[in-house]
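The block underneath contains the structure these notes are about, expressed in structure tokens.
What follows is calculated from the coordinates using simple rules that are stated; it is not laboratory data. What you see is a predicted model, and the numbers here were worked out from it, not measured in a lab. Cβ placement follows ideal geometry from the backbone for every residue including glycine, while neighbour counts extend to all protein chains displayed.
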Amino acid sequence: MYVDPEMAPLTEISEDIYERLRLAACSEQRRALILSLNEGEKSLSDLRDEMQLDSATIIHALRALERDNFVREDANRYYFLTVIGKTVARKVIDFYETTGTLLKYETFWLEHDLSGIPDYLFDRIGALRDSTLVVDTELDPFKAYHSFVVYLEKSSTLELIASVSAPDPLSLFGEFVVGHKHIELVATEPVLDYAIEELGQARVKEALRAGHKLYALRHDPKLVFAVADHVIILILFRLDGRFDYSAALTSESPEAIAWGHEMFRHYVELSESVTL
């Protein structure tokens with residue numbers, strides 16, 4: 001039953017919302033219909049062919065969705081999502097993408113400190129659903145870190161957020177500093193101080209004149225995060241406070257890279273530009 005938000009108590013509205021979400025998400029057939037119609041209007045025969053179900057089963061599910069104003073039927077007997085239905089479809093898609101992302105590498109997410117990922121970006125963690133987790137092995141105990149370096153060596157641009165320094169800043173950043181590649185580095189002050197000392201102030205000044213950018217963070221984001229040409233790389237601290245070089249989450253999908261650029265700009269806004 002529809003409840004007017006202006007007339008109903010909050011508890012009743014909450015119950016109504018719960019029932020509508022349950023209607024959409026808890027039935028496999030209704031969920032499949034919502035996701036199918038999110039692609040565009042379809043006839044009963046279209047839905048029957050796509051879902052491989054009989055007409056009676058599909059019509060029963062459609063009528064349930066119509067009762068709660070998720071679906072409508074036009075004069076030509078094509079079914080389509082209402083504005084409410086489209087909103088629900090987006091939320092259902094987001095829920096499954098988010099859940100799928102977290103469950104794919106459940107141990108990784110559970111055992112690491114995620115506080116460095118801002119809430120509004122974690123809410124969209126489904127953008128990383130096509131990620132790959134690179135982990136160290138007995139035969140290659142530095143596999144995760146080596147994959148990180150290889151990705152950077154192949155890239156012409158780099159946006160990097162760093163809570164810890166690379167074991168060898170010269171080998172990691174030297175090509176960017178003296179070559180034709182471009183780097184923007186957001187790092188804690190201790191990491192910046194160490195990198196400048198290892199690279200040398202003269203070389204860093206030359207890099208800044210060439211257009212590379214350095215930013216100092218006053219707080220520790222507890223992660224190393226890179227956006228390279230066609231990949232993002234995320235390395236986190238464990239819950240006990242140790243930086244975990246042994247696992248690197250990577251993704252090459254355009255959606256993940258767009259998410260990564262937002263992450264980097266978030267930290268640029270929280271930092272101060274460095275000049276020497």
Given the -39500 (n - 2.57) contribution per DSSP H run of 4+ residues, what per-residue ellipticity at 222 nm results for the chain, rounded to the nearest 500 deg cm²/dmol? -15000 deg cm²/dmol
If the elastic network links every pair of Cα atoms under 10 Å, which of Ala32, Ala202, Ala144 fluctuates the most in the Gaussian network model of the chain? Ala202
Residues with amide H under 5 Å of Val186's amide H, sequence separation 5 or more or different chain, H placed in the peptide plane at 1.01 Å from N; which? Leu160, Ile161, Ala162, Tyr215
Thr101: net charge of surrounding residues, Cβ under 12 Å, Lys/Arg +1, Asp/Glu -1, itself excluded? -3
Whole-Å distance linking the alpha carbon centroid of segment 53-106 with that of segment 233-259 is 33
Among Leu192, Leu114, Leu62, which one shows the highest mean-square fluctuation when the chain is modelled as a Gaussian network with alpha-carbon springs under 10 Å? Leu62
Counting alpha carbon pairs within less than 8 Å and at least 6 residues apart, what relative contact order, in whole percent, applies to the chain? 17
Round to the nearest 0.05 the FRET efficiency obtained for Ser273 and Tyr194 when R0 = 25 Å and r is the Cβ-Cβ distance. 0.85
Over the chain, how many percent of alpha carbon pairs lie in each 5 Å bin up to the one with the longest distance? 1, 5, 10, 13, 13, 11, 9, 8, 8, 7, 6, 5, 3, 1, 0, 0
Exceeding the 30 Å Cα-Cα cut-off - candidates Lys91/Lys181; Lys154/Lys205; Lys104/Lys222; Lys86/Lys154; Lys104/Lys181: Lys91/Lys181; Lys86/Lys154; Lys104/Lys181
Percent of beta bridges antiparallel (DSSP, the chain, rounded to nearest 5): 70
Any idea what diffusion coefficient segment 78-233 gets from Stokes-Einstein, in µm²/s, Kirkwood Rh on alpha carbon pairs, 25 °C, 0.890 mPa s? 137
Check Phe237: other-chain or 5+ apart residues with amide H under 5 Å from its amide H, H built from backbone geometry? Asp113, Asp244
Need the full-extension length gain, Glu153 to Glu255, defined as separation in residues times 0.36 nm minus the C-alpha distance. One decimal, nm. 34.5 nm
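Taking 0.36 nm per residue of separation and subtracting the Cα-Cα distance, what length does fully extending Asp229 through Arg203 add?
7.0 nm
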Determine the gain in length on full extension of the stretch Phe95-Ile59; use 0.36 nm per residue of separation and subtract their C-alpha separation, reporting nm with one decimal. 10.4 nm
